[in-house]
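Accompanying notes for the structure given below.
Coordinate-derived values only; no laboratory data. Here the structure is a predicted model, which means the values were calculated and not measured. In this analysis, Cβ positions are derived from the backbone assuming ideal geometry, glycine residues included, and neighbour counts consider all displayed protein chains.
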């Protein structure tokens, strides 16, 4: 038995909301075969506590539009690892350091991944940001190289 269609739909909606808030490394894991309490773990990360909380806010706002409210929320005040329990889907938004340390994907590595269908969702903005960062990072080196000639 795999995750229900409604669980997958909730995970996809939450993943799109997380993407809108520039979450990183968004992964959904079908844990329905291993756990009786939920179908899907959605895991996302961010480089700061403030961004973790912004991602959580975005997810909650988007799911509230579908009249979905978490049955449990933990970790909000610290902003390092926030857990949103929507019964069918448990969402983990972690600070990058905590995500590496706890390695949820490794713990649940034998479970199948859920296709979140995020291809093309805000990728233009993310791509532009990384291109701008690369150009900015490269500029001082180019200037320095030209100054020595």
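Here are some notes:
- Proxy reagent accessibility, fewest Cβ within 10 Å first, across 93, 119, 100: 119, 100, 93
- For region 5-117, the Kirkwood hydrodynamic radius comes to 13.6 Å, computed from all pairs of different C-alpha atoms.
- Length-normalised contact order of region 46-126 in % [C-alpha pairs under 8 Å, at least 6 apart]: 25 percent
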